[in-house]
Amino acid sequence: MTAHDKIHAPWMDAPAVRRLLAALAHGGVGARFVGGCVRDTLLGRAIGDIDLAVDKPPETVMRALEAAAIKVVPTGIKHGTVTAVIERRPFELTTLRRDVETDGRRAVVAFTDDWLVDASRRDFTFNALYASPDGRLFDPFDGRADLAAGRVRFIGDADRRIEEDRLRVLRFFRFNAWFGRPPIDGEGFAACRRNAATLGALSAERVAKELLRLLAAPEPADSLDAMVEAGALDHWLPECLGTRILRALVGREGDQPDPLRRLAAIVATPATARRLRLSTQETLRLELMLSPENAVQVDGDVRSLRAQNYRLGTSLFIDRVLLAVDAPGDWRAALALARSWTPPDLPVTGADVLKLGMKPGRKVGDLLDAVEQWWIAGDFTADRASCLAELRRLVADA
Ligand code: ATP
Ligand code: MG
């Protein structure tokens, strides 16, 4: 065995991790790190969540953890998953599984104690990487070589794997966006293209999650173009505009990628949000980012930029400036303004209008709007006293 057959990283020695592994070993449960944490460590990147595969049924795993006074939550016990919580950190522990039945959307699984069987039902070679507690790698499909080459490769026959779960088409492009380097794996791509017309059977929620995770990749545009070429967006994003605006947006964002804003860069209609069943909040934000009403004029002077920033609110103003890739003007200056300026609050309220003898009703709102317009036109310099004076003048005129 060479040093390359092992991984080692500080997170593996963290006290919470050691405590978890000791409890499992004491309870007779074999455990290996699996998935993203192993993959990211091999790439020398920071890891996200720590997931483990375990070789005993979930009830046994829960008993082992409880015996060590570790908090454990049965988060998905039917599918073999429990979550241990140590020092407020969650660890997902999933029992080794095999597929009993698949229908292209969801699988019926049974538990097994065979690591290779568990590995075989995973999607891509580098997603079937395991590391034992001492860091020894189990890499049955040579995923490491594929990872090093930037090659996203299906485990087994790609068409069959996609027939088992059509979401794998989207995952193919998601993992290409994150870890792929050209050329894209030809066999996988061809299988995705052959199966693209069947993606309509998936649930909107699963599709949206994969799509947003793809869009969160540092440079998602090439993979998205490949997806369009394969027809993989025909059902879920028929209005996709291609990646011209997205590429420009990615160049403007710096290191603050925002998947929903990136979605706004590839579609033109809020209907997308409904089709993907995004949350109410996400739907609203997408609509605001796309609505022609909220278009920004980037080449205005600083007063105009402040007025626009005030009207839209800072975060929407930033979204619109970043997305306005065809608008003339200095987008960097507009962005710098938004990041350094806090829109003030209008110094007068409805109560001030009522104190001037107006009766509650629509007129009050109209007067407030009028004084606000005046205050904005004056570049927000008028203080409360001046705003009250203007308000009195407006009331007298009314
Ligand atoms: P990330 O770091 O982005 O979460 P991940 O590899 O952990 O990446 P997940 O979607 O969280 O990706 O899935 C965890 C693991 O479960 C994958 O690495 C893969 O082995 C397996 N997996 C998840 N979804 C599927 C699927 N649809 N088909 C086959 N295997 C899957
Ligand atoms: Mg994960």
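Pairing each residue of region 232-246 that is at pLDDT 95 or above with any residue that is open to solvent by less than 90 Å² (accessible area, probe 1.4 Å) and small (G, A, S), provided the two are 6+ apart or on different chains, yields C-beta distances under 6 Å for A232/A196; H235/G200; T243/A221; I245/A265; L246/A221; L246/A265.
Residues checked against (1) farther than 30 Å from L312 by Cβ; (2) of a type in the set (A, V, I, L, M):
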site	(1), (2)
W178	yes, no
L224	no, yes
D234	yes, no
P238	no, no
G251	no, no
G254	no, no
R261	no, no
L288	no, yes
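Test T60 against the stated conditions and say whether it is assigned to a helix (DSSP H, G or I), more than 30 Å from A145 (Cα to Cα), hydroxyl-bearing (S, T, Y) and modelled with pLDDT of 95 or more. Yes; evaluated as a whole, the condition is true for this residue.
Kindly evaluate D165 against the criterion of being surrounded by fewer than 14 Cβ atoms within 10 Å (Cβ to Cβ) and within 14 Å of ligand 1 (Cβ to nearest atom). No; evaluated as a whole, the condition is false for this residue. Only residues that are on the phi < 0 side of the Ramachandran plot and either open to solvent by 40 Å² or more (accessible area, probe 1.4 Å) or out of contact with any helix residue (DSSP H, G or I) (no Cβ under 7 Å at 6 or more places or on another chain) (or both) were counted across region 82-106, and they come to 15. How about region 195-211: which of its residues are touching a residue at least 40 places away in the same chain (Cβ under 8 Å) and assigned to a helix (DSSP H, G or I)? Of everything in region 195-211, those that are touching a residue at least 40 places away in the same chain (Cβ under 8 Å) and assigned to a helix (DSSP H, G or I) turn out to be T198, A201, A204, E205, V207, A208, E210, L211.
Only one entry of A46, A31, A53 meets the criterion of being without any contact (Cβ under 8 Å) to a residue 40 or more places away in the chain and aliphatic (A, V, I, L, M), and that entry is A46. If we scan region 214-221, do we find a residue that is within 16 Å of ligand 2 (Cβ to nearest atom) and surrounded by 20 or more Cβ atoms within 10 Å (Cβ to Cβ)? Looking through region 214-221, at least one residue is within 16 Å of ligand 2 (Cβ to nearest atom) and surrounded by 20 or more Cβ atoms within 10 Å (Cβ to Cβ). Scan region 170-209 residue by residue and report those that are more than 19 Å from R153 (Cβ to Cβ), surrounded by 13 or more Cβ atoms within 10 Å (Cβ to Cβ) and not aliphatic (A, V, I, L, M). Those that are more than 19 Å from R153 (Cβ to Cβ), surrounded by 13 or more Cβ atoms within 10 Å (Cβ to Cβ) and not aliphatic (A, V, I, L, M): T198, R206, K209. Going by what's in this entry, would A327 be described as in a helix (DSSP H, G or I), surrounded by 12 or more Cβ atoms within 10 Å (Cβ to Cβ) and in contact (Cβ under 8 Å) with a residue 12 or more places away in the chain? When the stated conditions are applied, A327 does not pass them.
Taking region 63-89, which residues are β-branched (V, I, T) and either at pLDDT below 95 or not in a strand (DSSP E or B) (or both)?
In the first step, residues of region 63-89 are kept if they are β-branched (V, I, T); the result is 70, 72-73, 75, 77, 81-83, 85-86.
Scanning region 63-89 gives I70, I77.
Do we find a residue being within 27 Å of L241 (Cα to Cα) and among the aromatic types (F, W, Y) anywhere in region 323-339? Yes, because at least one residue in region 323-339 is within 27 Å of L241 (Cα to Cα) and among the aromatic types (F, W, Y).
Within region 27-43, can you find the residues that are open to solvent by 50 Å² or more (accessible area, probe 1.4 Å) and either in a loop (DSSP other than H, G, I, E, B) or among the polar types (S, T, N, Q) (or both)?
In the first step, residues of region 27-43 are kept if they are open to solvent by 50 Å² or more (accessible area, probe 1.4 Å); the result is 32, 42-43.
L43 - this is the single residue of region 27-43 that is open to solvent by 50 Å² or more (accessible area, probe 1.4 Å) and either in a loop (DSSP other than H, G, I, E, B) or among the polar types (S, T, N, Q) (or both).
Answer yes or no as to whether D118 is under 29 Å from L237 (Cβ atoms), touching a residue at least 12 places away in the same chain (Cβ under 8 Å), among the acidic types (D, E) and within 10 Å of ligand 1 (Cβ to nearest atom). Answer is no for this residue. Number of residues in region 331-355 that are over 19 Å from A265 (Cα atoms) and loosely packed, with under 15 Cβ neighbours inside 10 Å equals 12. Candidates are the residues of region 44-72 that are open to solvent by 60 Å² or more (accessible area, probe 1.4 Å) and within 16 Å of ligand 2 (Cβ to nearest atom); the one that is nearest to D118 (Cα to Cα) is D49.
The values are calculated or read from the model by the stated rules, or taken from the named source; none is laboratory data. Fair warning: this is a prediction, and the values are worked out from it, not measured in the lab. Counting neighbours? That spans all protein chains shown, and the Cβs are built from the backbone with ideal geometry, glycine included. SASA here: full protein model, heavy atoms, side chains in, ligands and nucleic acids out. Shrake-Rupley method; radii C 1.70, N 1.55, O 1.52, S 1.80 Å.
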